[in-house]
Amino acid sequence: MSATVRIPEEAAAPTRSRAIGEWRPEDPEFWQRTGARTARRNLVFSILSEHIGFSVWSLWSVLVLFLGPGYHIDTAGKFVLTAVPTACGALLRLPYTFAVARFGGRNWTVFSALVLLVPTVFAGVVLHPGVHYSTLLVAASVAGVGGGNFASSMANINAFYPQRLKGWALGLNAGGGNLGVPAVQLLALLVLATAGAGHPRLLVLVYIPLIALAALGAALRMDNLTVLRNERRAMRDAVADHHTWVMSALYIGTFGSFIGFGFAFGQVLQVQFHQQFDTPVKAAYLTFLGPLLGSLSRPLGGLLADRLSGARVTAWTFAAMAAAASLVLLASRQHSLPLFLSGFITLFLLSGLGNGSTYKMIPAIFGDQARAAIDSGADPRRAQQAARRGSSALIGIAGAVGAFGGVLVNIAFRQSFLGAHNGDAAYLAFLAYYVLCLGLTWAFYRDRT
């Protein structure tokens, strides 16, 4: 069947066509009859592919722990190796967002999963003592393709679910994907504890069959929504809308913190508390814990936002993150490892909550605009379609801009350790930014979303 043919929803499930031409998630009867089942199936395989993508994106957060003296790379150079894939992944998020409507959610998920073979095979080939640093930079940058998967996955799932369930669905999709970060860090711990730091190739080669399975699952079980269209006007309107840039700033504070801390945490422990973490395996024992809690808390943030409003949950989250950053700064100055770990783990947990609540705010903003348009006499179906297009455009922009927060986190750590041999300046910068985000949330959204 051609991807442009419109088919009735009654036939979508039994014929298992890969092209769905009629999709009305806001229609309760349609949702109960076939919509919920179809959306759940696509959500499951979207999470699987995105999970593997996050693992590949995060590979260098743990591969740097394998780079011993034989690689001749100092601390500053390792922070660059973790910042490069973050930046490349952020850049790819915008085109990946629009690829869903252009090529279809199923089709793009299969392609983007298979592309993950490039950075894994590349890293497996070049990782050996004596390799040129420039080669490692190229290998790290290619891993950025894993960061793009998040944007296409979120845009796809955003189109499948009704407004009342978007916070939960997007939070679950993102949280399941984010679990790829602690997953790769746990695998790294296993390799370090068994084979040792001299075998980084074992880690990356594990993902080759997993990537193939993710691509196969998407090909067999996912669907393309042919009603989705890329509209230049939607992007242009999103760029001109002040909500886009406010939400991007908030997303820097939430997801930027999560991915930045996830990439840098192991190095920070080794540098700031070297006596306690004098070997890579000791750092690896704790590296996964923060990203794990942050990933698990993300669906909770979306669920709380569905019930209490995204703005309220986000505001309280930033207030708590400011307090946690203050605790980390105090612990750093007092050289207290227990306080330091408590504060940092709390930051991970809160960043996950904020991830979920900010993504609930995005469709809620456009949902408010759609209701206002309907109250003014606009066609309800067209208003809802415009809201979905606007949400997808803002998700793409905010996801791309927000991911650069991870780059900023790594740069902040690099400069702080270079200048003062501790992370105090970086922790103070994080504290100030969380206070700024709290102010932005209160100023723009205290009575909305």
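Things to note:
- Just so you know, the Cα atoms of segment 326-427 work out to an Rg and Dmax of 20.5, 63 Å.
- For residue 333, solvent-accessible area (1.4 Å; no DNA, RNA or ligand), Å²: 150
- Within the listed set 27, 237, 223, the Gaussian network model of the chain (springs between alpha-carbon atoms below 10 Å) gives the highest mean-square fluctuation for 27.
- Nearest-ten-degree value, helix 207-221 long axis tilted from longest Cα axis of the chain: 10
- Isotropically averaged projected area of the chain, using the convex hull of Cα atoms (one quarter of hull area), nm²: 20.3
- Residue 244 accessible area, 1.4 Å probe, all protein chains in place, Å² to nearest 10: 0
- Residue of 222, 321, 235 that the Gaussian network model of the chain assigns the largest fluctuation, springs spanning Cα pairs under 10 Å: 235
- In this rough spin-label picture, where each label sits 7 Å from Cα along the Cβ direction, the residue 285-residue 379 distance is 6.4 nm.
- With the cut-off at under 17 Å, measuring from each backbone N in segment 43-82 to a point 7 Å along the Cα-to-Cβ line of residue 206 picks out 51-67.
- More than 17 Å apart - percent of Cα-Cα pairs taken over segment 55-95: 34
- Most mobile of 364, 386, 398 in a GNM of the chain (Cα contacts under 10 Å): 386
- Listed by chain and number, the lysines whose C-alpha is less than 24 Å from the C-alpha of residue 360, apart from same-chain residues fewer than 8 away, are 166.
- Counting Cα-Cα pairs of segment 79-174 in 10 Å increments starting at 0 gives whole-percent bin shares of 16, 39, 28, 13, 4, 0.
- Ranked by solvent-accessible area (1.4 Å probe, protein heavy atoms only, all chains present), the residues 73, 362, 208 order from largest to smallest as 208, 73, 362.
- Annotation: residue 199 carries an accessible surface of approximately 90 Å², with a 1.4 Å probe and no ligand, DNA or RNA atoms counted.
- With the convex hull of its Cα atoms as the shape, segment 13-72 has an orientation-averaged projected area of 6.5 nm².
- Amide hydrogen proximity for residue 19: with H placed 1.01 Å from N in the peptide plane, the residues at 5 or more positions away or on another chain lying under 5 Å are 224.
- Principal axis dimensions, segment 183-284 - Cα atoms, whole angstrom, descending: 55, 39, 15
- C-alpha long axis of helix 310-334 to longest principal axis of the chain, angle in °: 0
- Helical mean residue ellipticity (222 nm; -39500 (n - 2.57) per DSSP H run of 4+; nearest 500) of the chain: -26000 deg cm²/dmol
- The trypsin sites (Lys or Arg not before Pro) found in segment 14-78 that occupy coil by DSSP, while having at most 12 further C-beta atoms within 10 Å, are 16.
- Kirkwood-based Rg to Rh ratio, segment 246-334, C-alpha trace: 1.04
- Whole-percent carbon and sulfur share, accessible surface of the chain, 1.4 Å: 66
- With the gyration tensor restricted to C-alpha atoms of segment 204-357, the semi-axes of the equivalent ellipsoid amount to 33, 25, 14 Å, longest first.
- Stretched out straight at 0.36 nm per residue, the stretch from residue 339 to residue 308 would grow longer than its current Cα-Cα span by 8.1 nm.
- Mean Cα-pair separation over length for the chain, i.e. relative contact order, pairs under 8 Å, 6 or more apart, %: 24
- Each residue of segment 45-56 is assigned a 3J(HN,Hα), and the resulting list reads 7, 5, 4, 4, 5, 5, 4, 5, x, 5, 4, 5 Hz, derived from the Karplus form 6.51 cos²θ - 1.76 cosθ + 1.60 (θ = phi - 60°), x at Gly and Pro.
- A simple spin-label model places the labels of residue 369 and residue 221 3.5 nm from each other, with each point 7 Å out along Cα-to-Cβ.
- Taking all C-alpha pairs of segment 248-288, those more than 17 Å from each other amount to 38 percent.
- The charge dipole of segment 175-261, taken about its Cα centre with unit charges on the Cβ atoms of Lys, Arg (+1), Asp and Glu (-1) only, comes to about 160 debye.
- Spin-label model, residue 330/residue 442: points 7 Å from Cα along the beta carbon direction are separated by 2.1 nm.
The values are calculated or read from the model by the stated rules, or taken from the named source; none is laboratory data. Values in this document were obtained by computation on a predicted structure and should not be read as measured data. Neighbour counts are summed over all protein chains in view; Cβ atoms, including those assigned to glycine, are modelled from backbone coordinates with ideal geometry. SASA here: full protein model, heavy atoms, side chains in, ligands and nucleic acids out. Shrake-Rupley method; radii C 1.70, N 1.55, O 1.52, S 1.80 Å.
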